[in-house]
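Report on one structure; see the data block that follows.
The values are calculated or read from the model by the stated rules, or taken from the named source; none is laboratory data. Worth saying up front: this structure is predicted, and the values here are computed from it rather than measured. All Cβ positions, even for glycine, are placed from backbone atoms using ideal geometry, and neighbour counts span all protein chains on display.
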């Protein structure tokens, strides 16, 4: 098995992500916003995350610029990475389906926003973040390069570290005790662990 297999699986995962996200992004743009948090900060965090999950890996996949950081690729990496990316895409799809019109790419509350606690949200408060962590882990396995592989963990990890607390604070401000009770019975991103 060659690194090309890992690159192809990574690229298919990214295409799957865009296919899942596109209709929700279009619909989201038409839904009025009620509350929006620091847009500039949000854009910076999203650029950092996109650099790690998309830009750096794209440079690796389509050029030789990062070849100096390659390491040997093993067949098990393709199998495990592909399975993890598949799980990430399934979870990503479920989060969008369960959120419906409540979904937003940035920290904002929509008009008629409701607290979603069913589906994948019944066990985890931020399953979309869980899906992105899975993507980043899959990328680290699929791209045998010390820069491009872990870039997703660093890029998305930065967004997560600087956003999740603010997002939970926004939900507390919006839904009050209902959200506090929801927090008490669910984990943040890994059921029963964190």
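Looking at region 106-133 only, could you name the residues that are modelled with pLDDT of 80 or more, touching a helix residue (DSSP H, G or I) at 6+ places or on another chain (Cβ under 7 Å), part of a loop (DSSP other than H, G, I, E, B) and surrounded by fewer than 20 Cβ atoms within 10 Å (Cβ to Cβ)?
Matches in region 106-133: 113, 114, 115, 116, 117, 118.
Only residues in region 177-191 that are without any contact (Cβ under 8 Å) to a residue 40 or more places away in the chain and at negative phi count as the first member; pair them with residues that are surrounded by 12 or more Cβ atoms within 10 Å (Cβ to Cβ) and assigned to a helix (DSSP H, G or I), Cβ under 8 angstrom, at least 6 apart or cross-chain, and list the lot.
What qualifies is 180/172.
For region 44-65, which residues satisfy the criterion of being farther than 14 Å from residue 151 by Cβ and assigned to a loop (DSSP other than H, G, I, E, B)? Break it down into steps so the answer makes sense when it comes.
We begin by selecting, within region 44-65, every residue farther than 14 Å from residue 151 by Cβ; these are 44-46, 62-64.
The answer is 63, 64.
Considering each of 85, 68 in turn, give the residue that is at pLDDT 95 or above, more than 30 Å from residue 169 (Cβ to Cβ), assigned to a helix (DSSP H, G or I) and more than 20 Å from the chain's Cα centre (by Cα). Can you show your working first?
Details: 85 fails: more than 20 Å from the chain's Cα centre (by Cα).
So the residue among 85, 68 that is at pLDDT 95 or above, more than 30 Å from residue 169 (Cβ to Cβ), assigned to a helix (DSSP H, G or I) and more than 20 Å from the chain's Cα centre (by Cα) is 68.
For region 175-194, which residues satisfy the criterion of being under 15 Å from residue 114 (Cβ atoms) and surrounded by 15 or more Cβ atoms within 10 Å (Cβ to Cβ)?
Matches in region 175-194: 175, 179, 182.
Just to be sure before I move on: is residue 99 closer than 19 Å to residue 174 by Cα, outside any loop (DSSP other than H, G, I, E, B) and under 18 Å from the mean Cα position of the chain (by Cα) in the structure I sent?
In short, yes.
For region 156-175, does any single residue satisfy the condition of being in contact with a strand residue (DSSP E or B) (Cβ under 9 Å, 6 or more places away or on another chain) and outside any helix (DSSP H, G or I)? Break it down stepwise before answering.
Within region 156-175, the first condition is being in contact with a strand residue (DSSP E or B) (Cβ under 9 Å, 6 or more places away or on another chain), and the residues that meet it are 170-171, 173-174.
Applying the additional criterion that residues be outside any helix (DSSP H, G or I) yields none.
Looking for residues that are in contact with a strand residue (DSSP E or B) (Cβ under 9 Å, 6 or more places away or on another chain) and outside any helix (DSSP H, G or I), one finds none in region 156-175, hence no.
Kindly indicate the residue of region 67-105 that is touching a residue at least 24 places away in the same chain (Cβ under 8 Å), touching a strand residue (DSSP E or B) at 6+ places or on another chain (Cβ under 7 Å) and surrounded by 14 or more Cβ atoms within 10 Å (Cβ to Cβ) and also farthest from residue 127 (Cα to Cα) among those meeting that condition.
70
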